Amino acid sequence: MELFVEEEQFELEPDVEEHANVMEVGNERDRLAVQMLKQVRDSITHVIHLLEEGDTARATRHMVDFVSRRKAVEGELEMTTGSRVLEGVFDGQSMVGGDGARYAVPENYASKSKLVEGDMLKLLIKPDGGYLYKQIGPVERTRIAGKLSIDSSTQEPVVVCGDDVYKVLAASVSYFKGIPGDEVVVVVPAGGKCVWAAVEKVHN
């Protein structure tokens with residue numbers, strides 16, 4: 001199940017100057033990506049060394065510095081490519097960004113990735129307005145079994161697990177061809193209450 005499908009387009013061959021500009025942007029993007037990856041590698045190696053020596057305080061300071069440098073590189077990437085990078089938390093349907101805004105998460109992506117409330121996501125907003133998501137911090141999970149049902153007031157799918165009722169994405173139910181009464185295994189955050197659950201499997 002593909003999240004993003006780009007149609008093939010045929011355009012006139014760009015002139016030399018335009019082609020050079022495209023190559024320059026591409027090279028700059030590659031340079032920034034390599035720089036970021038090297039920073040990640042070096043920082044992880046250094047933090048591991050500090051922790052092995054028992055210097056937790058310096059390891060923590062180093063990680064804070066690394067996050068600041070990474071944000072600076074991401075800012076430069078935004079200026080170069082016209083893209084924006086945001087991080088946020090999945091609330092069951094959307095990503096709540098660090099800016100307080102809610103960003104729609106495609107149901108097929110959330111279903112395929114089995115996202116649960118509390119998962120950390122990174123969002124790349126492309127210059128054309130397209131969204132690209134990546135799961136960067138999954139919360140601890142647990143699996144529970146229940147019965148697929150329909151909420152009488154909203155006509156939306158839910159899963160009843162004992163005394164608990166969880167909302168589930170319609171795309172997940174459709175993918176598994178679930179119908180009311182089917183046994184369902186869902187994934188929820190461990191050790192906490194939630195409204196939404198991710199469908200893992202349906203026994204038809």
Subject >> 14 Å beta-carbon shell around Gly100, net charge (K/R +1, D/E -1) >> reply: -2
Subject >> Mean separation of Cα contacts under 8 Å, 6 or more apart, over the residue count of the range 75-154: relative contact order % >> reply: 26 percent
Original post:
If the convex hull of the alpha-carbon atoms of the range 100-165 is projected onto planes in all directions, what is the mean projected area in square nanometres?
Top reply: 6.5 nm²
Original post:
Whole-Hz Karplus ³J(HN,Hα) for the range 132-138, in order, using 6.51 cos²θ - 1.76 cosθ + 1.60 and θ = phi - 60°, x for Gly and Pro?
Top reply: 10, 9, 9, 7, 10, x, x
**OP:** Return the subset of Lys122/Lys147; Lys122/Lys177; Lys126/Lys201; Lys114/Lys147; Lys114/Lys193 for which the Cα-Cα distance in this structure is over 25 Å, preserving the input order.
**Re:** Lys122/Lys147; Lys122/Lys177; Lys126/Lys201
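Quick note: the coordinates plus some simple rules give every number you see, no bench work behind them. Worth saying up front: this structure is predicted, and the values here are computed from it rather than measured. Cβ sites come from the backbone with ideal geometry, for glycine too, and all protein chains shown count toward neighbours.
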